[in-house]
Amino acid sequence: MNDKDHSYFMRLAIEEAKKAGESLEVPIGAVIVQNGKVIASAHNLRERDQTAIAHAELLAIDAACKKTGTWRLENATLYVTLEPCAMCSGAIILSRIDKVVYGASDPKGGCAGTFMNLLQDDRFNHQSEVIAGIMEDECGSLLTNFFKELRLRKKENKKIQ
């Protein structure tokens, strides 16, 4: 796949992230593609479900496994707007996803090369190819704007009280 293809699927992940943001979830979206077709998509649902594991990547992996009828997502590419964390990177490795394409880097918790690189650690029995920075500015802006608005809302609520 070329950058144009990656941008197409990242746009779909961005649309998922926007759904999360509209629900006051951290705007992170994920799409899983296999053989050129989207087999699953998801966005963060931690606030709605009040569970730490409702990350976009985990929800998309779960949906993809159910759709394909197998836990092995070989020949699949995960597109995600923010670099996967340790928990999501573990699920990516365990589900055998071949490639991870992400938008914005996460210096505080990114485990696809920024903070650490679990996805390409050869001590695991599976590694994923990583492509970073696809539509990075758009993905990063979603997060920056979300947290800026969240801080403003909190500040306004304090003034009201």
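Any read-out appearing in this document is the output of simple, stated calculations on the displayed coordinates, not a laboratory observation. Please read these numbers as outputs of a predicted model, since none were measured by experiment. Positions of Cβ are generated from backbone atoms using ideal geometry, with glycine treated the same way; all protein chains shown enter the neighbour counts.
Given the condition buried (at least 22 other Cβ atoms within 10 Å of the Cβ) and within 16 Å of Val38 (Cβ to Cβ), answer yes or no: does some residue in segment 103-123 qualify?
No, there is no match, as no residue in segment 103-123 is buried (at least 22 other Cβ atoms within 10 Å of the Cβ) and within 16 Å of Val38 (Cβ to Cβ).
May I ask you to list the residues in segment 109-130 that are among the small types (Gly, Ala, Ser) and in a loop (DSSP other than H, G, I, E, B)?
Step one: list which residues in segment 109-130 are among the small types (Gly, Ala, Ser), which gives 109-110, 112-113, 128.
Of everything in segment 109-130, those that are among the small types (Gly, Ala, Ser) and in a loop (DSSP other than H, G, I, E, B) turn out to be Gly109, Gly110, Gly113, Ser128.
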